[in-house]
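Peer 1: There's a structure below that I have some questions on.
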Amino acid sequence: MVETLNALFLNIIKSFPKSDLMLYKEGDQYRPLSTAEFGERVKSLSLGLKDLGCDKGDKLVILSGNRPEWAITDFANLCLGGVTVPVYTSLMPEQISYIINDSDAAVVVCSNQELWEKIRSIRQDLKNVKHFIAFDPVSSEDVLSLHEVMESGRRILQDNPEAFDKLALSTGPADLASIIYTSGTTGIPKGVMLSHGNFISNITTLVSIIYFSEEDTILSFLPLSHVLERMVTFAFLHKGCSIAYAESIDTVAENLLEIRPTIMVSVPRVFDKIYTKVMDNVLSSSALKKKIFFWAVKVGKEYAKKTILKQPVSVYLKARRNLAHKLVFSKIVEKTGGRARFFVSGGAPLSKDIAEFFYGIGLVVLEGYGLTETSPVIAVNTFENTRLGTVGKPIPGVEVEIAEDGEILVKGPNVMKGYYKNEAETNEVFKEGWFHTGDIGHLDEDGFLVITDRKKDIIVTSGGKNVAPQSIENILMTNPFISSAMVIGSGRKFISALIVPEFEKLEEYAQTHNISFKDRGELVKNGQILDFISAEVDRMTPHLASYEKIKKIALLDREFEIGEGEITPTLKVRRNRIEEKYKDLIDSFYKEQ
């Protein structure tokens with residue numbers, strides 16, 4: 001039985017010899033990396049790092065986009081007993097400096113010249129770092145290349161073929177595998193300590209309830225610094241799947257057609273974008289095409305509902321569904337490569353409407369829930385047990401309870417060891433053996449978990465009404481004219497919202513309606529545009545209670561940005577920061593008329 005990530009690696013290279021364990025883009029085509037090559041590189045790099053003086057318990061930072069070298073470096077470090085500290089490439093240099101120093105990292109590995117410039121700018125502050133290593137050539141003489149470190153390890157491996165296995169097997173399940181810094185929607189990021197056993201418990205449970213195999217191909221584009229992508233990478237490799245790395249988030253649509261994956265893991269924002277693009281195309285088509293599309297979607301949803309509830313499907317419904325697939329769904333499915341078995345959504349709530357749409361057209365999206373602190377999966381929908389609008393049932397071995405105030409509490413082998421060098425924060429989230437997630441939700445009558453919002457994000461109006469902003473924001477962001485939204489109203493008489501428009505669509509609307517504007521700043525202040533978006537907001541939210549209704553809006557002239565501290569690398573809104581930044585604008589909503 002596999003008990004550590006090191007044992008998992010050894011099992012991969014023994015059990016799944018294949019020519020294309022990984023695929024990466026070079027030039028204009030994808031190239032394969034075999035299991036044998038992958039295994040040899042991990043072993044050589046691990047012994048090379050050992051030769052540099054890296055030892056059990058030493059911290060190694062990885063600052064890189066997704067590529068085979070990321071996984072190679074991670075496994076190499078883990079197998080010598082090291083602790084991997086992933087860092088988002090989108091972070092500002094001062095944020096990177098904080099993580100490197102707080103984690104006591106001895107080695108920093110980065111991928112290219114652009115990221116090396118971030119490290120170079122903070123290098124004088126990195127007192128504990130002994131070695132800098134780069135995947136690609138960089139303009140600095142004392143930065144080691146990955147190739148150099150591997151070459152020294154290869155020589156050791158040739159002289160002593162048993163050296164690697166002995167090193168890898170000296171790690172146990174309780175040993176620390178990784179420190180992953182939370183995105184920090186409020187306050188300073190905290191280093192989540194996850195052991196080999198934490199990851200393995202999540203991996204082995206996941207593969208027992210969702211089937212995938214060496215026949216599957218995955219497109220990886222969610223950053224490997226995100227705990228979900230990292231854990232599923234371990235899980236996919238554990239079953240011998242082939243992993244293809246997208247070039248970037250901007251090339252996912254193109255890479256889908258090149259790789260034709262059977263599985264993809266994503267965050268809801270990507271599914272929102274796909275949905276919006278499909279609806280844009282439909283709404284600009286002929287009346288007949290629109291009629292056929294909406295008929296097909298209605299049929300698809302009816303078919304999906306019966307399938308999910310395991311109800312018999314009539315011959316007539318099957319025939320209509322087959323026709324809908326031929327006329328409409330097949331064209332959408334082809335845009336994903338045409339082979340998708342399922343997608344996984346995590347990291348934030350997925351709109352029920354969007355989940356129903358994808359399920360209806362035959363693209364199954366298995367939504368789950370978890371946190372960095374839980375390695376990460378707590379609950380997930382499966383093929384056998386799915387309920388749209390929920391995040392599924394708690395996974396086997398993980399206990400979930402709901403506190404009196406609605407907070408979700410968790411126990412299980414996947415729960416972290418604690419926050420690195422932060423006993424006070426650790427004690428704050430662990431009470432009577434339960435980990436307090438900070439999320440609000442409930443278990444329905446059949447045991448499916450429903451997430452309402454983050455506890456700290458719940459809005460309490462001056463009238464004492466509780467409003468969950470995320471669910472309203474998710475509804476708004478399904479509108480083709482709205483890119484981002486943040487709902488406001490804590491301690492206020494009514495709910496308002498800051499909205500970032502989908503500018504391409506809004507500019508097109510303005511031109512069609514002869515609304516002139518010099519720039520986006522002028523566009524978002526135009527009275528006709530404000531009235532139009534207000535009407536769209538009302539149209540999207542007819543079902544909201546009166547106290548949840550959005551009474552006033554303001555349009556912003558740019559997206560929320562990571563560099564401005566307005567969103568986290570995982571695209572979660574930093575509400576306090578945005579409210580502080582737009583205080584005068586927000587206050588103007590509530591001035592007595």
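Peer 1: Identify, from the list E504, E473, the residue that is acidic (D, E), part of a helix (DSSP H, G or I) and in contact with a strand residue (DSSP E or B) (Cβ under 8 Å, 6 or more places away or on another chain). Explain how you work it out, then say what you get.
Peer 2: On the way: E504 fails: in contact with a strand residue (DSSP E or B) (Cβ under 8 Å, 6 or more places away or on another chain).
Exactly one of E504, E473 is acidic (D, E), part of a helix (DSSP H, G or I) and in contact with a strand residue (DSSP E or B) (Cβ under 8 Å, 6 or more places away or on another chain), namely E473.
Peer 1: Residues L23, L8, L60: which one is aliphatic (A, V, I, L, M) and assigned to a helix (DSSP H, G or I)?
Peer 2: L8
Peer 1: Step by step: first the residues of the range 383-422, then only those that are touching an Asp or Glu at 6+ places or on another chain (Cβ under 6 Å) and part of a strand (DSSP E or B), then the one that is farthest from T4 (Cα to Cα). Which residue is that?
Peer 2: Checking each candidate, the answer is I408.
Peer 1: Assuming L506 fulfils every condition listed in (1) farther than 15 Å from K552 by Cα; (2) buried (at least 22 other Cβ atoms within 10 Å of the Cβ); (3) out of contact with any Leu (no Cβ under 8 Å at 6 or more places or on another chain) apart from one, which condition is it?
Peer 2: (3)
Peer 1: Also, I was wondering about something else. Which number in (1) crowded, with 24+ Cβ neighbours inside 10 Å; (2) over 30 Å from M92 (Cα atoms) marks the one condition that S225 misses?
Peer 2: Result: S225 passes all but (2).
Peer 1: Could you identify the single residue in D142, D136, D159 that is free of Cβ contacts under 8 Å to residues at least 40 places away in the same chain, closer than 26 Å to F236 by Cβ and of a type outside the set (G, A, S)? Working first, answer last.
Peer 2: Details: D142 fails: closer than 26 Å to F236 by Cβ; D159 fails: closer than 26 Å to F236 by Cβ.
Result of the check over D142, D136, D159: D136.
Peer 1: Just checking, how many residues over the range 153-186 are at pLDDT 95 or above, over 21 Å from I13 (Cα atoms) and either of a type in the set (S, T, N, Q) or crowded, with 16+ Cβ neighbours inside 10 Å (or both)?
Peer 2: 6
Peer 1: In the range 144-174, what residues are touching a His at 6+ places or on another chain (Cβ under 9 Å) and in a loop (DSSP other than H, G, I, E, B)?
Peer 2: T171, G172, P173, A174
Peer 1: Considering only residues that are touching a Phe, Trp or Tyr at 6+ places or on another chain (Cβ under 9 Å) and hydroxyl-bearing (S, T, Y), look in the range 558-593 and name the one that is farthest from T182 (Cα to Cα).
Peer 2: Y590
Peer 1: Regarding E428, is this residue farther than 17 Å from I180 by Cα, among the acidic types (D, E), in a helix (DSSP H, G or I) and out of contact with any strand residue (DSSP E or B) (no Cβ under 7 Å at 6 or more places or on another chain)?
Peer 2: Spelling it out, E428 is indeed farther than 17 Å from I180 by Cα, among the acidic types (D, E), in a helix (DSSP H, G or I) and out of contact with any strand residue (DSSP E or B) (no Cβ under 7 Å at 6 or more places or on another chain).
Peer 1: When the range 386-438 is examined, which residues are found to be in contact (Cβ under 8 Å) with a residue 60 or more places away in the chain and touching a Phe, Trp or Tyr at 6+ places or on another chain (Cβ under 6 Å)?
Peer 2: Listed by number, the residues that qualify are R387, T390, V391, V415, E425.
Peer 1: A further question follows. Can you report the number of residues in the range 545-565 which are part of a loop (DSSP other than H, G, I, E, B) and closer than 22 Å to R269 by Cβ?
Peer 2: Summing the residues that are part of a loop (DSSP other than H, G, I, E, B) and closer than 22 Å to R269 by Cβ in the range 545-565 gives 10.
Peer 1: If you don't mind, another one. Can you say whether H436 is surrounded by fewer than 15 Cβ atoms within 10 Å (Cβ to Cβ) and outside any loop (DSSP other than H, G, I, E, B), as far as the supplied structure shows?
Peer 2: The answer is no for H436.
Peer 1: Assess whether N255 counts as being outside the structural domain of L506 (by TED's automatic domain parsing) and surrounded by fewer than 16 Cβ atoms within 10 Å (Cβ to Cβ).
Peer 2: no
The values are calculated or read from the model by the stated rules, or taken from the named source; none is laboratory data. Source: prediction; values computed, not measured. Here Cβ is always computed from backbone atoms with ideal geometry, including for glycine, and neighbour counts include all displayed protein chains.
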